[in-house]
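Structure first, then comments.
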Amino acid sequence: MQKKNDPSRRPVSSRKKSDRTKSQKGKRTTKKSMTIMRIIDALVFVFALGLFIYISVHATPSLGPGKLTTASGEVSDFTMPLMREKIADKFTVDLTVHLPIIHPAGLHIIPDDKLERLWVNGKEVKISEPIEWESGGIVELNEYWTRGNNFLKLEMSDKGGKSALFIQYPANYRSILNILKIFIVVGLFSYGLVRFAD
């Protein structure tokens with residue numbers, strides 16, 4: 001004897017209505033899942049793009065306008081990098097360096113011709129080896145600078161020819177940033193392959 005609630009004994013129209021309801025629920029669930037995945041895709045893309053832009057922007061020091069003072073007291077403004085005809089035998093340069101959240105331990109300074117003395121935020125930095133035009137030198141500044149604006153004062157000497165000053169992040173730090181950018185691009189590409197493989 002069959003039970004009263006046996007689906008096979010229900011009217012055909014009732015079974016069709018039940019199947020249609022299940023189908024509609026399934027479609028709503030699928031649409032909801034697709035919407036969630038689109039939101040996740042958008043968040044992943046925005047995060048990766050934002051991180052890539054952040055790393056690219058902060059791959060070089062943010063140097064504010066500088067002020068140059070000669071031994072005779074003549075003052076002039078400039079923007080980095082500093083490149084001029086011979087200024088004087090000795091001169092000082094004042095400028096601002098803005099440090100982001102992630103930053104290296106020091107700076108690679110290339111003077112023309114020689115960096116005699118250096119101050120960061122009013123404190124004189126100990127320079128262990130001569131820093132000259134040929135290759136410059138890396139100055140460790142962890143104990144002198146902080147996140148945000150830092151004020152540098154450089155005392156330089158020029159033996160002849162053009163006067164110049166270049167300041168950049170150390171090569172090993174720039175290499176790390178480049179590796180991170182490659183990792184972001186490869187990661188985003190791999191994510192796209194996995195997500196849209198089907």
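Couple of notes before you dig in:
- Links that overshoot a 28 Å alpha carbon limit, given the list LYS32/LYS181; LYS67/LYS159; LYS153/LYS181: LYS32/LYS181; LYS153/LYS181
- Of all aspartates and glutamates in the structure, the ones whose alpha carbon falls short of 16 Å from that of LYS31, not counting any fewer than 8 places away in one chain, are ASP41.
- Computed on the range 62-168, with alpha-carbon pairs under 8 angstrom and 6+ residues apart, the relative contact order is 37 percent.
- Residues THR35, THR96 in ascending order of nearby Cβ atoms (within 10 Å, fewest first): THR35, THR96.
- With the simple model of a label 7 Å out from the Cα in the direction of the Cβ, GLU124 to ALA197 spans 6.4 nm.
- For the range 141-188: rounded, prolate or oblate by the Cα gyration tensor [a/c cutoff 1.5]: oblate
- The calculated FRET efficiency for VAL185 paired with ILE101, based on their beta-carbon distance and R0 = 25 Å, is about 0.70.
- The range 68-116-the range 129-163 distance, computed between alpha-carbon centres (Å): 7
Rule-based calculations on the coordinates, nothing more; no lab input. Small disclaimer: the values here were computed from a predicted structure and weren't measured. Neighbour counts are summed over all protein chains in view; Cβ atoms, including those assigned to glycine, are modelled from backbone coordinates with ideal geometry.
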